[in-house]
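Notes for the one structure printed next.
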Amino acid sequence: MNNGTSRLEKYADITVEIGLNLQKGQTLIIDAPIHASDFVQQVVKVAYDKGAKVVMVEYTDEQVLLTKYEKAPEEGLKHYPQWKAKGYEKMAEEGAALLQVFSPNPNLLKDVDPERVSMAQKAIAEALRPFKSYQISGKMNWCIAAVPSKEWAQQVFPDRSEGESMDLLWEQIFDVTRTNTDHPVQTWKEHVETMNSSVRFLNENNFNKLHYRAKNGTRFSVELPKVHKWMCANFTSEGGVSYVPNIPTEEVFTVPKKDGVNGVIKSSKPLNYNGYLINEFSLTFEEGKVIDYSAEKGYEVLKSILEADEGAKYLGEIALVPHNSPISNSELVFYNTLYDENASCHVALGKGLPIALEGGPDMNNEELAEQDLNESLIHVDFMIGTADLNIDGEKESGEVVPIFRDGNWAF
Ligand code: ZN
């Protein structure tokens with residue numbers, strides 16, 4: 001991979017400069033699988049070049065993890081060292097940034113007792129809660145970026161050899177993360193500005209209703225809560241650092257009014273749910289609730305999603321992604337939300353995102369419900385964007401403004 005090396009550097013540049021926007025003097029924590037070390041080494045170089053004080057790399061060896069899940073006594077599964085959790089918390093408190101290198105292995109846990117896995121994961125989650133709160137609440141600048149694993153590459157390209165599928169997945173990652181451009185960091189700055197200007201347009205117009213229609217039969221309207229807010233994945237940390245937590249990201253999103261969805265929504269791409277595919281499906285909504293549904297493939301899985309709890313039959317997110325964008329153009333299913341969620345316009349069944357309401361993060365559950373935000377244990381995104389999708393925004397005054405024409409921004 002001769003010119004691959006330089007693209008890996010560019011990918012590391014995007015991750016550090018755009019994703020994290022690492023500041024001079026900041027400590028950087030990197031959480032990564034050991035097979036991603038080529039990429040991590042590049043990130044570490046860029047990070048020190050950018051003035052990092054220290055870079056702490058925490059590698060995970062999947063096989064060691066697997067052996068632990070299989071063989072460790074229960075008290076070992078339930079144990080996470082307090083000194084380590086405290087150390088992370090201390091670094092976050094002192095202003096560290098966090099990079100999570102994501103490289104899923106869909107087969108790793110397939111033969112392990114799920115109860116043992118959840119026991120271990122619960123212990124980790126509990127021990128790291130104070131540290132993770134810095135990430136979840138956006139107090140720290142953090143970013144997640146993906147690197148292929150052999151197993152993930154085989155899942156995306158099942159008909160190719162191991163080596164070929166890895167090369168192909170890298171090529172796709174470089175493509176959809178805009179690494180394959182002449183000046184990736186500059187390209188990203190422009191891309192983030194495009195997303196922000198769409199956010200401004202939508203917020204300034206303050207639409208109270210959106211109307212969708214496409215030739216595949218999608219035809220529905222969705223009301224927006226009074227205090228809804230359009231956003232994109234460009235956040236500002238407590239320390240004032242503007243960062244982009246997901247590489248890649250294409251979506252501009254908000255929340256629907258729980259009981260304000262009416263009409264028919266057709267899926268435009270397969271939905272991969274815990275390894276099961278649901279394809280060519282259709283949902284009919286009345287006053288926010290799914291009252292009828294069908295699926296060419298995966299009907300039973302769709303049914304189990306919709307019956308998860310009361311809120312699972314209502315929407316909790318609506319997101320706009322231009323049809324002409326890198327992930328959409330790849331026409332691939334990545335089996336990975338970080339990528340697939342950014343493929344096209346989508347909606348999510350289930351939990352609404354409090355961050356998309358003015359003052360939402362400070363509201364309790366009752367207050368969120370009063371603002372018509374849906375509550376559920378699930379949040380399942382599925383794609384509805386097509387090349388001919390038209391979306392109009394309707395203002396309180398009744399004025400109608402085009403938002404999408406033929407699958408892309410209309411303004
Ligand atoms: Zn989304």
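General remarks:
- For the chain, a simple Cβ point-charge model (Lys and Arg +1, Asp and Glu -1, everything else neutral) yields a dipole of about 600 debye relative to the Cα centre.
- Cβ-Cβ FRET estimate between S242 and V54, R0 fixed at 30 Å, reported to 0.05: 0.85
- Model label sites at L377 and K189, defined 7 Å from Cα along the beta-carbon direction, differ in position by 4.7 nm.
- Mean Cβ neighbour count within 10 Å, used as a protection proxy, ranking 12-25, 44-57, 100-113 highest first: 12-25, 44-57, 100-113
- Only Lys, Arg, Asp and Glu carry charge here, each on its Cβ (+1 for the first two, -1 for the last two); on that basis segment 281-411 has a dipole of about 520 debye about its Cα centre.
- Between segment 70-128 and segment 194-214, the Cα center-to-center distance that results, in Å: 39
- Distance (nanometres) between label positions extended 7 Å along Cα→Cβ at T284 and Y299: 1.5
- Overall form of segment 1-126 per C-alpha gyration tensor (a/c, 1.5; a/b vs b/c): oblate
- Amide H contacts of M56 (H built 1.01 Å from N, under 5 Å, at least 5 apart or other chain): L28, I29, I30
- Note that segment 210-347 presents 40 Å² accessible area per residue, ligands and nucleic acids not counted, probe 1.4 Å.
- Of the peptides 292-298, 381-387, 134-140, the order by per-residue mean of other Cβ atoms within 10 Å, starting with the highest, comes out as 381-387, 134-140, 292-298.
- A 1.4 Å probe run over segment 4-176, with the rest of the protein chains in place, finds 51 Å² accessible per residue.
- Take the Cβ atoms of E115 and E310, set R0 to 25 Å, and the FRET efficiency comes out at 0.40.
- With both labels modelled 7 Å from their Cα along Cα-to-Cβ, the D259 to I34 distance reads 5.7 nm.
- Ligands, DNA and RNA left out, the accessible area of segment 1-64 computed with a 1.4 Å probe is 47% carbon and sulfur.
- FRET efficiency for the pair E162 and S133, taken as 1/(1 + (r/R0)^6) with r the Cβ-Cβ distance and R0 = 45 Å, rounds to 0.70.
- A simple rule links phi to the HN-Hα coupling: the Karplus curve 6.51 cos²θ - 1.76 cosθ + 1.60 with θ = phi - 60°, which for segment 140-145 gives 10, 7, 9, 7, 10, 9 Hz, with x for Gly and Pro.
- Of the peptides 195-205, 343-353, 321-331, the order by per-residue mean of other Cβ atoms within 10 Å, starting with the highest, comes out as 343-353, 321-331, 195-205.
- Accessible carbon and sulfur surface of segment 262-411 relative to its total accessible area, %, 1.4 Å: 44
- Altogether, the Stokes-Einstein calculation at 25 °C and 0.890 mPa s, with the Kirkwood radius of the chain over Cα pairs as Rh, returns a diffusion coefficient of 109 µm²/s.
- Axis angle, to the nearest 10 degrees, between helix 184-205 and the longest C-alpha principal axis of the chain: 30 degrees.
- In a fully extended conformation the segment linking N408 and Y276 would gain 44.5 nm over its present Cα-Cα distance, using 0.36 nm per residue.
- Of interest is the spacing of the C-alpha centroids, which for segment 347-369 and segment 130-172 amounts to 28 Å.
- Members of K45/K86; K132/K266; K132/K395; K71/K313 lying beyond 29 Å, as alpha-carbon distances in this model show: K132/K266; K132/K395; K71/K313
The values are calculated or read from the model by the stated rules, or taken from the named source; none is laboratory data. Predicted, not measured: the structure shown is a model, and the values here were computed from it. Positions of Cβ are generated from backbone atoms using ideal geometry, with glycine treated the same way; all protein chains shown enter the neighbour counts. Side chains are part of the model used for accessible areas, which takes the heavy atoms of the whole protein and leaves out ligands, DNA and RNA. Shrake-Rupley method; radii C 1.70, N 1.55, O 1.52, S 1.80 Å.
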